[in-house]
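Laboratory data are not the source of any read-out in this text; all were calculated from the coordinates shown. Quick caveat, the model's predicted, so the values are computed rather than measured. No Cβ is skipped: glycine too gets one built from the backbone with ideal geometry, and neighbour counts run over all protein chains shown.
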Amino acid sequence: MAMRKIEATILFLNFFSTGLIVPVLSLMLLNKGCSMSQLALAVGAYSLTAVILELPTGIFSDRYGRKISFLLSLMFGCASVTLLLLFRGFVTPLLAMALSGAARALGSGSMDALLIDRSLVENGPEKLATITTQLSLLETVGIAAGSIIGGILPTFIQILFPYRLYDGNLLLVFRSCCVLHF
């Protein structure tokens, strides 16, 4: 059984938006107010938050539903991007990265698990390889496409807005989050 087009689109956009930030994350955080020494703290805030919240958000997802968990991850991701778009200074990237870590914990596997569970019910375990292959392909292609565009985009943005170099990446991520909410 193939996943539905809307589900594939949602997952692709989610991975694509992740890819948009990957090639420029450190440069963007420096541009938004981190010093070189503070950069590690901001990225550490992401990692620490994601690790600390992984178990509680997994329990939340099991109790309240994977769709709710996925939607909350999008909301936290949008809040993170909004902070980076609107404010500067070290505290902003630190808070934004912590929110992004919470988004990662809420979203990690919630949609994948939902699709795998549905596939198991509808098709049995013999078709599990099909759905997991589709999930892996969407992740790979989405992150790759986002990374290519995310790496090239600042080159064009700097022509018009040299001080807002990475805001194009952030706006595309924000737009993807908005689309995914509806």
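For region 5-181, compute Rg over Rh where Rg is the Cα radius of gyration and Rh is the Kirkwood radius from the inverse mean 1/r over Cα pairs.
On the way: Rg = 16.9 Å, Rh = 16.8 Å.
Here Rg/Rh amounts to 1.01.
Can you tell me the alpha carbon radius of gyration of region 99-182 divided by the globular rule-of-thumb value 2.2 N^0.38 Å?
Working: Rg = 17.2 Å, N = 84, 2.2 N^0.38 = 11.8 Å.
The reported ratio for this selection is 1.45.
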**Point-charge dipole on Cβ atoms (K/R +1, D/E -1) for region 61-182, about Cα centre, debye to 20** = 340
**Message:** Only Cα pairs within less than 10 Å get springs; with that Gaussian network setup on the chain, which residue of Leu94, Leu114, Leu86 has the largest fluctuation?
**Reply:** Leu86
**Prompt:** When we measure straight from the Cα of Lys67, which lysines land under 21 angstrom away, once same-chain ones fewer than 8 places off are left out?
**Reply:** Lys5
**For the chain, Cys with no neighbouring Cys Cβ under 4.7 Å** = Cys34, Cys178
**Request:** Only residues of region 47-81 count here: report those whose backbone N is under 17 Å from the spot 7 Å along Cα→Cβ of Phe87, or say none.
**Result:** 76-81
**Message:** Calculate the FRET efficiency for Met75 and Glu126 from the Cβ-Cβ distance with a Förster distance of 41 Å, rounded to the nearest 0.05.
**Reply:** 0.65
**Fill in**
Here the residues of region 98-137 lying in the modelled label zone of Ala144, meaning backbone nitrogen under 17 Å from a point 7 Å along Cα-to-Cβ, are 133-137
**Request:** May I ask you to evaluate 6.51 cos²θ - 1.76 cosθ + 1.60, the Karplus curve with θ = phi - 60°, for each residue of region 129-142 and list the ³J(HN,Hα) values in order in whole Hz, giving x for glycine and proline?
**Result:** 4, 5, 5, 5, 5, 4, 4, 5, 5, 4, 5, 4, 5, x
**Message:** Once each part is reduced to its C-alpha centroid, what is the distance from region 89-140 to region 5-41 in angstrom?
**Reply:** 16
**Request:** Name the residue farthest towards the positive end of the dipole of the chain from the options Tyr46, Val24, Gly65, assuming +1 on Cβ of Lys and Arg, -1 on Cβ of Asp and Glu, about the Cα centre.
**Result:** Val24
